[in-house]
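Encoded as structure tokens, the structure appears first; notes follow it.
The values are calculated or read from the model by the stated rules, or taken from the named source; none is laboratory data. Note that the coordinates shown come from a computational prediction; the quantities given were computed from them, not determined experimentally. Note that we place each Cβ from the backbone using ideal geometry, even for glycine, and neighbour counts take in every protein chain shown. Surface accessibility is based on the protein's heavy atoms, side chains included, excluding ligands, DNA and RNA. Shrake-Rupley method; radii C 1.70, N 1.55, O 1.52, S 1.80 Å.
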Amino acid sequence: MSLYEMRKSYTLSTLLEKDIDPNPMVQFKTWLSEALQGDLPDWVEVNAMTLSTSDGKGEVSSRIVLLKGLEQDRFWFYTNYDSDKAAQMESNSHVALCFLWQHIQRQVRVTGTVSKAPRDQSEAYFRKRPRDSQLGAIVSSQSSVVESREVLERRLAELKQQHGDSNPIPCPDNWGGYCVDPITIEFWQGRDSRLHDRLRYRKDALNWRVERLAP
């Protein structure tokens with residue numbers, strides 16, 4: 001099948017103003033809960049989101065990261081502070097997130113500003129990670145050039161021997177969390193005939209207002 005022939009009809013649901021919560025974070029949690037329902041394949045990661053960042057020159061890059069919190073009406077994730085995305089966020093705090101839940105024909109788009117998480121929160125989350133993930137955060141100088149896969153595996157083996165099976169692993173100074181404070185949150189529901197439902201919440205002073213966008 002050629003690319004121009006690849007298309008699907010979206011008929012699972014609707015998104016109407018009368019059915020949404022006035023608070024977009026409550027609405028997001030409802031949709032997240034609904035995306036988790038059913039017998040999902042193991043490969044589906046509902047908390048996966050595209051994070052788009054740009055530097056001071058306007059160069060944009062995107063990658064998939066995992067949502068790890070929704071506290072304080074913000075979106076939280078964790079990463080290496082020496083990575084390319086961290087450098088871009090340091091240069092330009094405006095970011096965008098996108099969640100795609102194909103199995104329920106929905107996506108959510110977020111724009112906002114990003115800031116680092118408090119250090120104690122980053123350390124608390126680090127301690128909850130699987131032990132191998134803790135070690136992996138130390139091994140990887142994220143986004144830097146590495147000579148080979150063997151270099152990483154050798155370093156991991158050395159760290160496993162150094163820390164043993166039960167010694168606490170300290171959170172690296174160059175690893176931690178970020179939170180995105182949303183400015184707009186758009187909920188997209190696929191509809192038939194490509195007349196999709198798009199409702200965007202926009203922060204107006206202390207309140208949120210909702211506007212319908214053309215598909």
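So, with a 1.4 angstrom probe, what is the percent of accessible area on the stretch 3-135 that is carbon and sulfur? Don't jump to the answer; show the numbers that get you there.
Working: 3840 of 7900 Å².
Answer for the stretch 3-135: carbon and sulfur cover 49 percent of the accessible area.
What percent do you get for the relative contact order of the chain when only Cα pairs under 8 Å and 6+ apart count? Don't skip to the end; give the middle numbers.
On the way: 341 pairs, mean separation 53.6, N = 215.
For the chain, the relative contact order is 25 percent.
Within the chain, what's the longest stretch lacking GluC sites (Glu not before Pro) that sit in DSSP loops with no more than 14 other Cβ atoms inside 10 Å?
Values: sites that count: Glu45, Glu59, Glu147.
My reading of the result: 60-146 is the longest stretch.
For Leu159, what charge total do you get from the other residues with a beta carbon under 13 Å from its beta carbon, if Lys and Arg give +1 and Asp and Glu give -1? Numbers along the way, then the final one.
Numbers: positive: Arg131, Arg154, Arg155, Lys160; negative: Asp132, Glu153, Glu158, Asp165.
So the environment of Leu159 carries a net charge of 0.
So, for the chain, what is the accessible surface per residue at a probe of 1.4 Å, expressed in square angstrom?
That works out to 61 Å² per residue.
So what's the net charge close to Ser13: Lys and Arg +1, Asp and Glu -1, counting the other residues with Cβ under 10 Å from its Cβ?
Numbers: positive: Arg106, Arg191; negative: Asp19, Glu34, Asp197.
Net charge around Ser13: -1.
Just to be sure I understand: with springs between alpha-carbon atoms less than 10 Å apart, which residue in Val114, Val46, Val146 has the highest mean-square fluctuation in the Gaussian network model of the chain?
Among Val114, Val46, Val146, the largest GNM mean-square fluctuation belongs to Val146.
From the list (1) 17.0; (2) 19.6; (3) 18.7, can you say which value of Kirkwood radius over Cα pairs in Å was derived from the structure given?
(2)
Pick from Asp120, Asp165, Asp204: which residue has the top mean-square fluctuation in a GNM of the chain where Cα pairs under 10 Å get a spring?
Comparing Asp120, Asp165, Asp204 in a Gaussian network model of the chain, the most mobile one is Asp165.
Taking the Cα centre as origin and putting +1 on Lys and Arg beta-carbons and -1 on Asp and Glu beta-carbons, what dipole magnitude results for the chain, to the nearest 20 debye?
400 debye
Under a 10 Å cutoff between Cα atoms, tell me which one of Asn92, Asn80, Asn167 has the largest fluctuation in the Gaussian network model of the chain.
Of the options given, Asn167 has the highest mean-square fluctuation.
Which percent of Cα-Cα pairs in the stretch 1-129 sits in each 10 Å bin, short to long?
10, 35, 34, 18, 3, 0
Ignoring everything except DSSP H segments at least 4 long, calculate the 222 nm mean residue ellipticity for the chain; use -39,500 (n - 2.57) per segment, divide by total residues, nearest 500.
Only helices count here, giving -7500 deg cm²/dmol.
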